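For reference, the structure is listed below as structure tokens.
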Amino acid sequence: MNPENLPEFYANVIDSVGDGVIVLDRSGKVILMNPVAEELAGVSRRISRGQPFSVIFKGDVLLLEMAEMSSTSGMAITDHENIVLKRGSRITPLSVTVSPLLLADGVRAGTIILLRDLTNIRELEEAVRKSDRLSTLGTLAAGLAHEIRNPLGGIKGAAQLIEMELAEDDELRDCTRIVLKEVQRVNRIVEELLDLSAPRSLNLVGVNLHKVLAHIVFLEQQATEGKNITFQRHLDPSIPPILADEGRITQLFLNLVKNAVEAVGDSGIIEISSRIVSEYSMTQKGERRSRMVAIEVADNGTGIPPEAIENLFTPFYTTKE
């Protein structure tokens, strides 16, 4: 390499680093800042060059203390936990390393500050913690489910025996029917708890999506009779049967449509649409590439509060009383 091109080469190396790099002179003024550091600091290198580091990061006390401590002691200092940059509404957790910049003769010429964005790592850690919590919840749910199922069988059997002993016109038969109905309801809850701990295998068959959706819309139209709720269907007739568990997928879309009904209240529009997704496809082992289908359920109701969105896929989470 031509020695005359070395400065430009080194500058390109620093600009290409995936972490933020800031270099200060001995007085604490910025002499170099790469693009990642610009983005994290929220200030361009053109403006920052020649500015005191303490001015650019005046609100970041811990970061300033690290830079001051390294400058005074001549030692490298690292913090992976405590540094958080706040720029407007953006909050960025950082791993920071501050080191003295030494010349060949060992004389300190300034300070190097490396900033690593930990946002993705923190999100991954939170996902792992959430997964651990759900795993624990699943184990607890399985234990509870088995404990509930045992007396439940006894209650159901006793109610059936009582019903057999009663005359057809006995008013107590209504009581036994209520008991049996509620036992079935509790049993369904128990099955949901068991699914959480060990999801059962899917019974995959060819399912006509539009037939499933038509059945669900019919049920909800009956349930909302007397209300001013309009169901609009925009379905692509070219969609062939898909491979799915019919019971599970019916439950899924029924829940979505019921949520839409509750969201619009006594008056509103619920749109159900289907389409073939051309921009994505799925390839399973040993099979040809297959297209995917999108089903959308939309309503003109109140919408979901922002604080509830992050909990949408948490088992048993609800805002209902």
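The values are calculated or read from the model by the stated rules, or taken from the named source; none is laboratory data. Source: prediction; values computed, not measured. All Cβ positions, glycine included, derive from the backbone under ideal geometry; neighbour counts span all protein chains shown. Each accessible area value is taken on the protein alone, full model and side chains, heavy atoms only, with ligands, DNA and RNA left out. Shrake-Rupley method; radii C 1.70, N 1.55, O 1.52, S 1.80 Å.
Some observations on this one:
- Number of the condition not met by residue 280 [criteria: (1) open to solvent by less than 80 Å² (accessible area, probe 1.4 Å); (2) in contact (Cβ under 8 Å) with a residue 12 or more places away in the chain]: (1)
- Unmet requirement for residue 192, which otherwise passes all of (1) within 26 Å of residue 301 (Cβ to Cβ); (2) exposed (fewer than 11 other Cβ atoms within 10 Å of the Cβ): (2)
- Qualifying position, being free of Cβ contacts under 8 Å to residues at least 40 places away in the same chain and open to solvent by 90 Å² or more (accessible area, probe 1.4 Å), among 173, 122, 177: 177
- Those residues of the stretch 70-81 which are touching a residue at least 24 places away in the same chain (Cβ under 8 Å) and either aliphatic (A, V, I, L, M) or assigned to a helix (DSSP H, G or I) (or both), in sequence order: 70, 71, 75, 76
- Note on the stretch 277-321: among residues that are modelled with pLDDT of 90 or more and assigned to a strand (DSSP E or B), the one that is nearest to residue 229 (Cα to Cα) is 299.
- Residues that are among the basic types (Lys, Arg) and farther than 16 Å from residue 217 by Cα within the stretch 242-274 comprise just one, 248.
- Identity of the residue in the stretch 241-268, in contact with a strand residue (DSSP E or B) (Cβ under 7 Å, 6 or more places away or on another chain) and in a loop (DSSP other than H, G, I, E, B), that ends up nearest to residue 312 (Cα to Cα): 266
- Single unsatisfied condition, residue 25 versus (1) among the charged types (D, E, K, R); (2) farther than 19 Å from residue 116 by Cα; (3) free of Cβ contacts under 8 Å to residues at least 60 places away in the same chain; (4) open to solvent by less than 60 Å² (accessible area, probe 1.4 Å): (3)
- In the stretch 211-230, of all residues being open to solvent by 30 Å² or more (accessible area, probe 1.4 Å) and in contact with a helix residue (DSSP H, G or I) (Cβ under 8 Å, 6 or more places away or on another chain), the one that is nearest to residue 266 (Cα to Cα) corresponds to 223.
- For the stretch 12-58, a residue qualifies if it is of a type outside the set (Gly, Ala, Ser) and assigned to a strand (DSSP E or B), and the qualifying residues are 21, 22, 23, 24, 25, 29, 30, 31, 32, 33, 52.
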